[in-house]
Amino acid sequence: MATSGFTTDQYELLDFGSGRKLERFGEWILDRESPAADAQQRSDPALWKTADLVFNRSAGGDQQWSANTNPRGKNEKLKSITPTGAEFPPWEISFGEHFKLRLQLSPVGHIGVFPEQAKNWAWLMRQVRRGIKAYGEPLRVLNLFGYTGGSTLAAAVAGAEVTHIDSAGNIIERARENAKISGLQDAPIRWIQEDAQLFCQREVKRGNTYHAVILDPPSYGHGPKNQVWKINQHLGELLANCSKLTEQQRSFMLLTSHTVGLGAADLEAMFADRIFGHCSAGGSTGEMQLMGKPPLRLRAGTYIRFP
């Protein structure tokens, strides 16, 4: 059985509610915050006792990982847990037979994957193969805000030449490691630590072009030289530059957003206007979701896909 593009032994949404979500990532069950689940009721309160690892944020802003006081079974690895999660050993999950991702606890509650992106990865692979067939050459794909490389590896395994951009050097190293453990260390991927906005501005000036762009912008962030990114202020300009970079041979575009308050209709209108020049044309819009056993479905952001 598959859920959200992963087999259930690799990832599964087990329950959500009261502002939290309970998920299995490979061998570990995690209990973490989820603002999207604030107004929801938990379907199986007893199931939450099976969590191995719990991430909490106090009213004072402190954040910490802890081991469940009553885990499913005693495990020596749980003894190494620290509030930052830094000492807990990494583990891996696989996206089918396509690629692997190494997961690691972070001080802010992330672990190196957003599983709601899995259906987008499957879509990306289909689009790359379609584009290669149409153009008769490898697709040049630009992945902005590339994080730990899920979208990059999906495009690369399908035959694309990928330029992976992220502002954090340690995150790029994790993405490179994911390529290595997936057997894609020799794939045509350029790993670049750079501010996404500045990189696109320079690529436009250099006259470089791409067949496709993937964007998963944060609500707020910083570039490697402390450049400020605010999605409400800067996304429009970035999309306009992505339009210029792909206007000669545009095969596909993918924009995803987790920003609360940026509605799907506004995002779709901005995408259509900045990419195509008018609001009456654009991509297909939908909700990213985390899915468990029916009827478990948790909204996890918005996607816009072209075509």
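Some observations on this one:
- Computed Rg/Rh of the stretch 115-306, alpha carbon atoms with Kirkwood Rh: 0.94
- All lysines inside 28 Å of Lys21 as judged from Cα atoms, apart from same-chain residues fewer than 8 positions distant: Lys49, Lys74, Lys77, Lys79, Lys100, Lys119, Lys230, Lys293
- Each of Val162, Gly112, Gln63 was scored by the projection of its Cα onto the charge dipole of the chain, and the greatest displacement toward the positive side belongs to Val162; charges sit on the C-beta of Lys, Arg, Asp and Glu.
- Build a GNM of the chain with springs between Cα atoms under 10 Å apart, and of Ser94, Ser80, Ser182 the one that fluctuates most is Ser80.
- Magnitude of the charge dipole, the stretch 2-103, Cβ model with Lys/Arg +1 and Asp/Glu -1, debye to 20: 200 debye
- Helix-only CD estimate at 222 nm, as mean residue ellipticity for the chain, using -39500 (n - 2.57) per DSSP H run (n ≥ 4): -8000 deg cm²/dmol
- Of all lysines in the structure, the ones whose alpha carbon falls short of 29 Å from that of Lys225, not counting any fewer than 8 places away in one chain, are Lys180, Lys205, Lys244.
- For the chain, the relative contact order comes to 13 percent (Cα pairs under 8 Å, sequence separation of at least 6).
- Taking the number of Cβ atoms within 10 Å of each Cβ as an exposure proxy, the fewest-first ranking of Glu203, Glu92, Glu27 is Glu27, Glu92, Glu203.
- Overall form of the stretch 2-103 per C-alpha gyration tensor (a/c, 1.5; a/b vs b/c): oblate
- Helix 118-135 and the longest principal axis of the Cα set of the chain meet at an angle near 20°.
- Max mean-square fluctuation residue, GNM over the chain, Cα-Cα springs under 10 Å, options Thr163, Thr82, Thr256: Thr82
- Within a Gaussian network of the chain (alpha carbon springs, distance under 10 Å), most fluctuating of Gly292, Gly207, Gly112: Gly207
All of the numbers you see were taken from the coordinates with simple rules; none came from a lab. All values derive from a computational prediction rather than experimental measurement. Note: ideal-geometry Cβ built from the backbone for every residue, glycine included; neighbour counts use all protein chains shown.
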